[in-house]
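Scroll down for the structure; my scribbles are underneath it.
Read the figures in this text as sums done on the coordinates, not as results from a lab. What you see is a predicted model; the values in this text were computed from it and never measured. For neighbour counting, all protein chains shown are included, and Cβ atoms are generated from backbone atoms with ideal geometry for every residue, glycine included.
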Amino acid sequence: MAFELNVNGRALSADVDGDTPLLWVLRDTLGILGPKFGCGVAQCGACTVHLDGAPVRSCSVPVEAVGAAKVVTIEGVGANAVGQRVQQAWSELDVAQCGYCQPGQIMSATALLTANPRPTDADIDAAMAGNICRCATYTRIRAAIKKASGQKTEA
């Protein structure tokens with residue numbers, strides 16, 4: 001079945017079964033490779049994308065559930081000011097080590113700062129819970145979120 005999707009502001013079509021996870025539609029059908037496969041059960045966050053601004057694990061969202069929602073991936077998150085600030089903070093603080101989880105981390109951080117421009121440490125912990133980083137860059141992730149929000153960061 002053909003599904004019409006709005007991905008990063010572009011109208012795209014995918015001829016797939018309705019129960020195909022959005023992650024596989026993005027990667028295998030549309031060639032959008034930023035969202036990563038990590039666990040396949042929505043537990044690691046590597047596949048996080050935004051649906052109408054809300055962070056979701058694309059490995060567990062069937063394409064038929066997307067409907068008219070706007071899908072934003074790491075490739076498109078820099079199109080808004082918050083996403084730009086998050087990406088810049090990530091770069092300035094050298095957050096990424098291996099980098100595999102970072103698209104999902106950035107997507108979750110951008111959603112957090114869009115909803116809450118001045119998050120506390122507890123807010124950051126809650127919003128980033130479930131985004132696993134095997135390299136354990138959590139301290140740098142928190143510092144980058146604070147930097148992107150204009151808050152003082154700990155060196």
### Query
Spin-label point model (7 Å from Cα, Cβ direction): what's the residue 17 to residue 129 distance in nm?
3.4 nm
### Query
Which order results if 29, 110 are arranged by neighbouring Cβ count within 10 Å, fewest first?
29, 110
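Sort the chain into rounded, prolate or oblate with this rule: let a ≥ b ≥ c be the square roots of the eigenvalues of the Cα gyration tensor; rounded if a/c is under 1.5, and if a/c is not under 1.5, prolate when a/b is larger than b/c, oblate otherwise. Can you show the working numbers first?
On the way: a/c = 2.18, a/b = 1.81, b/c = 1.21.
It comes out prolate by the Cα gyration axes.
Please order 147, 152 by the number of other Cβ within 10 Å, starting at the fewest. Working shown, then result.
Values: 147 19, 152 8.
Least crowded to most crowded, the residues run 152, 147.
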### Task
Run the quick spin-label model on residue 121 and residue 151: label points 7 Å from Cα toward the beta carbon, then report their separation in nm to one decimal.
1.0 nm
### Message
Projecting each Cα onto the charge dipole of the chain (Lys/Arg +1, Asp/Glu -1 at the beta carbon, about the Cα centre), which of 107, 45, 119 comes out farthest on the positive side?
### Response
119
### Task
Could you work out the mean projected area of the convex hull around the alpha carbons of the range 78-148, in square nanometres to one decimal?
4.1 nm²
### Message
Can you compute the modelled spin-label distance between residue 84 and residue 4, with each label point 7 Å from Cα toward Cβ, in nm?
### Response
3.1 nm
### Summary
Most exposed first, judged by fewest Cβ atoms within 10 angstrom, 63, 82 run 82, 63
### Summary
Of all DSSP beta bridges having both residues in the range 2-72, the percent classed as antiparallel (nearest 5) is 85 percent
### Task
Counting helices only, and only those DSSP H runs with n ≥ 4, report the 222 nm mean residue ellipticity of the chain as the sum of -39,500 (n - 2.57) divided by its residues, in deg cm²/dmol to the nearest 500.
-9000 deg cm²/dmol
### Task
Quick one: check the C-alpha center-to-center distance for the range 1-62 versus the range 87-109, whole angstrom.
20 Å
### Task
Apply 1/(1 + (r/R0)^6) to the Cβ-Cβ distance of residue 43 and residue 98, taking R0 = 25 Å, and write down the FRET efficiency to the nearest 0.05.
0.85
### For residue 23, net neighbour charge (Lys/Arg +1, Asp/Glu -1) across residues whose Cβ lies under 15 Å away
-2
